[in-house]
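Have a look at the structure below, then the notes.
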Amino acid sequence: MTKRDVLDLTGKVALVTGAGQGVGRQVALGFADPGATVMVNDFFADRAQRVVDEITDAGGSGLAVAGDVTDLACM
């Protein structure tokens, strides 16, 4: 039994902030595993892209979005 058998997120989009490392990274990977497209946000673009690369290497889809969600001017 896979995660997708229990929870199918195919066709859904998840936005995870602070997803370039640590708990945020794990949450992003956790949404991607059952099929969600994940928008990976982090202050540092390279960290966000690395997580998206992990998602796509595993067969999922994602988009890296760099920016500081606490500052509207950065988004």
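The values are calculated or read from the model by the stated rules, or taken from the named source; none is laboratory data. All values reported here derive from a predicted model rather than from experimental measurement. For neighbour counting, all protein chains shown are included, and Cβ atoms are generated from backbone atoms with ideal geometry for every residue, glycine included. Ligands, DNA and RNA are stripped out before the accessible areas are found, and what is left, the full protein with its side chains, is counted by its heavy atoms. Shrake-Rupley method; radii C 1.70, N 1.55, O 1.52, S 1.80 Å.
A few remarks follow.
- Acute angle (nearest 10 degrees) that the helix 45-57 long axis makes with the longest principal axis of the chain, alpha-carbon atoms: 10 degrees
- Rounded tilt (10° steps) of 22-32 against the dominant C-alpha axis of the chain: 40 degrees
- Surface share of carbon and sulfur [accessible, 1.4 angstrom probe, percent] for the chain: 58 percent
- A simple spin-label model places pseudo-atoms 7 Å from Cα toward Cβ; at residue 63 and residue 23 they are separated by 2.6 nm.
- Cα-centre dipole for the chain with unit charges at Cβ (Lys and Arg positive, Asp and Glu negative), debye to 20: 140 debye
- Accessible surface, per residue, of the chain when the full set of protein chains is kept, probe 1.4 Å, Å²: 63 Å²
- Sum of side-chain charges, residue 21 neighbourhood, beta-carbon under 12 Å (Lys, Arg +1; Asp, Glu -1): 0
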